[in-house]
1. Quick check on region 68-136: take the gyration tensor over C-alpha atoms, sort the square-rooted eigenvalues as a ≥ b ≥ c, and tell me if it's rounded (a/c under 1.5), prolate or oblate.
2. Summing Lys, Arg as +1 and Asp, Glu as -1, what charge do residues with Cβ under 11 Å from the Cβ of A81 carry, A81 excluded?
3. Mind grabbing the accessible area of T223 for me, 1.4 Å probe, Å², rounded to tens?
4. In region 94-192, which GluC sites (Glu not before Pro) fall in coil by DSSP and have 13 or fewer other Cβ atoms within 10 Å?
5. Given the protein chains as shown and a 1.4 Å probe, how many square angstrom of L56 are accessible, to the nearest 10?
6. For the residue pair E110 and Q130, what label-to-label distance in nm results when each label sits 7 Å from Cα along the Cα-to-beta-carbon direction?
Amino acid sequence: MKRRSALVGSLAAMATATVAKAATPVDLQLVLAVDVSRSIDEVEAELQRRGYVEALTSDRVIDAILSGEHRRIALCYTEWAGTHYQIVVLDWSVIDSAAGARRFADKLAEAPRESQSWTAVGAALAHAGQRFENSGFTSKRRVIDISGDGRTNDGPPAEIVRDRLVSQGIVINGLPVMMNRTNFGRPPDLTLDRYYEDNVIGGPGAFMIVADNFDRFGHAVRTKLVREISQNGITRPEPA
């Protein structure tokens, strides 16, 4: 009987520890969902990855992270193309200091990068939404930050997935990249920002920031991260 009681007590302690770990509070759970479809060439892909690396370690983003109640956020970085390609590049990590942000950014800079066919915005949103299940964190805000240079041409319509996620309390912000050039022989999409506004972003306070091109991508990412991280905090104005 004593052995059984000890076993029950041990299992209870393990369950309590698991619950405690799962309930780690952060100010924000943020999934970065990044387009790696073949409409993005090697140079642009490098500029895009570098944009996230540099933004995550900028003083303004660190200030935003430390401005919250818990002074930490949880971050997950995913990449997507068609419905066949939705991957987690870096799983959930706590960012609570400049050193923590640098460790995450260094891993991101070193992570392999692939280019795949098709553009499945809806599937990318669905995959990002699933990351919140059993994330190991609790937060008042759960946000998907999705960036891309095209509209859905594969998989479920983005707006259907968007509406489902918003009904679950998830906010979706967008970063459309407006490229003034042909795309596989097709004319440039001059209304991609309108597509993101009507079909992709959603939820209380949802917004998008347009990157005019990949050369300006890093600045757009930094501006966007500061805004979504510091919704409940105070940061310095963004320089021009």
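The values are calculated or read from the model by the stated rules, or taken from the named source; none is laboratory data. Quantities reported herein were computed from a predicted structural model and do not represent experimental measurements. As a convention, Cβ positions derive from the backbone with ideal geometry for all residues, glycine included, and neighbour counts pool all protein chains shown. SASA here: full protein model, heavy atoms, side chains in, ligands and nucleic acids out. Shrake-Rupley method; radii C 1.70, N 1.55, O 1.52, S 1.80 Å.
1. On the way: a/c = 3.17, a/b = 1.57, b/c = 2.02.
In terms of gyration-tensor shape, oblate.
2. Numbers: positive: R38; negative: D35, E79, E114, D154.
With Lys, Arg at +1 and Asp, Glu at -1, the net is -3.
3. Roughly 30 Å² of T223 is accessible to a 1.4 Å probe.
4. Numbers: sites: E110, E114, E133, E159; in loops: E114, E133.
The qualifying sites are E114, E133.
5. The value for L56 is about 10 Å².
6. 2.8 nm
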